Every structure is written in C-alpha cells, then in structure tokens.
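Asks: My questions will all concern the structure given below.
The values are calculated or read from the model by the stated rules, or taken from the named source; none is laboratory data. All values derive from a computational prediction rather than experimental measurement. Note that we place each Cβ from the backbone using ideal geometry, even for glycine, and neighbour counts take in every protein chain shown. Accessible surface is based on the protein model in full, side chains and every heavy atom, while ligands, DNA and RNA are left aside. Shrake-Rupley method; radii C 1.70, N 1.55, O 1.52, S 1.80 Å.
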Amino acid sequence: WSSSDAGADSDDQVCDFDLAALAGVPTKDLVKADVRYAVDESSAPAVAEVLGHLPGRTDGLIDALRAAFDECDGEQVQGMRVRVADLDFPRLADDSAAYQLRLDAGSHTLKVPLVYAVSDDLAIGLYAVDLDSNAAATAMLERYAPRAVGRAVRMLT
C-alpha cells in the first residue's frame, strides 16, 4: 500500500476529469480514501481504488462520467493517443460503468481497465495495470472489483 500525491491537477493524469469535479464538489471538500496495491510500484501489476463521499451528488454521476470519457477519446497525452471503449463488466452497486483506456505510444500499447460504481452517496473508482499482460489486468480487476465495491457499500452506506 502506498500513498500518492498525484491528484486531479497532476500532469500525469490521462483525461482531465475526476469524480469530485463531475459531481460539482471542490476537491478540497471531498472526503475520500485512495488505496493502491502493487507488486512493484514502478512496473506493476497493480490495482487502485478511490472511494469518495459525495452527499447528495451521485445522481447522474455515471452519465457525466460517460460524457467525460466520450470527450477523452482521441486525446493526446504525453505523446500517447488515448482511445476509450466500453468494457463488458458486471453491474456493481446501484449503478456502474466500465471502460478500457487504450494508450498507444508508438510500438507499445497499454490497456487499462477502469470500473466506476455509485451507491447512495458513495462513489468508487477502480483500475488495474499489468505492464506484461493487458488481459491479466482485466482479469485482476474482475476478481477484485466486485469484492471491493461490495465491502465498501456494506461498510460505508
């Protein structure tokens, strides 16, 4: 587990949005937890989870997220072309959406599966990365996300 100073204002951010901004909550007012698990922090495999408490602000959040991903599709970030596709993923919590970011950097392509879920006032974002295997990253998220979301919903709503 490691903490991260990277936030919505980070230059490393792929696609310029975050759940708090989409919900209209100033980042400084957001009550959140950010957890990352990695075998090796610099090379992965890794899974990350962000939980945010957004009182009265989660209605329509998944729809806003879809629109943000549509705008992100085709962006150039740090020399990489970003492509966004829907990811076939089971529904989680009250509402959820899953995407696969494809980052093309010349001869190398990295696919990052992402899942977002909302339940009551809780918003959850998860992603996985495996630099050796794009399929392994998706499989890792398929195993981790339902348990993580279910646990968060039971404990925090």
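Asks: Do we have PRO146 as open to solvent by 20 Å² or more (accessible area, probe 1.4 Å) and either of a type outside the set (Val, Ile, Thr) or farther than 23 Å from ALA46 by Cβ (or both) here? Spell out the reasoning first.
Replies: On the way: open to solvent by 20 Å² or more (accessible area, probe 1.4 Å): yes; either of a type outside the set (Val, Ile, Thr) or farther than 23 Å from ALA46 by Cβ (or both): yes.
Yes; evaluated as a whole, the condition is true for this residue.
Every residue, every condition in (1) farther than 24 Å from VAL118 by Cα; (2) of a type outside the set (Lys, Arg); (3) modelled with pLDDT under 95, yes or no:
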position: PRO55; (1), (2), (3): no, yes, yes
position: THR58; (1), (2), (3): no, yes, yes
position: ALA67; (1), (2), (3): no, yes, yes
position: ASP73; (1), (2), (3): no, yes, yes
position: GLN76; (1), (2), (3): yes, yes, yes
position: GLY79; (1), (2), (3): yes, yes, yes
position: ALA98; (1), (2), (3): no, yes, no
position: ASP104; (1), (2), (3): yes, yes, yes
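Asks: Going through segment 121-136 one residue at a time, which ones are surrounded by fewer than 15 Cβ atoms within 10 Å (Cβ to Cβ) and either within 28 Å of MET155 (Cβ to Cβ) or of a type in the set (D, E, K, R) (or both)? Can you show your working first?
Replies: Going residue by residue through segment 121-136, those that are surrounded by fewer than 15 Cβ atoms within 10 Å (Cβ to Cβ) are 132-133, 135.
Listed by number, the list holds a single entry, ASP132.
Asks: Counting just the residues of segment 72-97 that are in contact with a Cys (Cβ under 7 Å, 6 or more places away or on another chain) and not acidic (Asp, Glu), which one comes out farthest from MET140 (Cα to Cα)?
Replies: First pass over segment 72-97, keeping only residues in contact with a Cys (Cβ under 7 Å, 6 or more places away or on another chain): 72, 75, 82, 84.
Now narrow it down to the ones that are not acidic (Asp, Glu): 72, 82, 84.
Working: CYS72: 24, VAL82: 22, VAL84: 19 Å.
Applying the filter and picking the extreme gives CYS72.
Asks: On the basis of being closer than 30 Å to LYS28 by Cα, in a strand (DSSP E or B) and among the hydroxyl-bearing types (Ser, Thr, Tyr), does TYR127 make the cut? Steps first, answer last, please.
Replies: Values: closer than 30 Å to LYS28 by Cα: yes; in a strand (DSSP E or B): yes; among the hydroxyl-bearing types (Ser, Thr, Tyr): yes.
In short, yes.
Asks: Answer yes if at least one residue in segment 48-62 is under 15 Å from ASN134 (Cα atoms) and charged (D, E, K, R), and no otherwise.
Replies: No, there is no match, as no residue in segment 48-62 is under 15 Å from ASN134 (Cα atoms) and charged (D, E, K, R).
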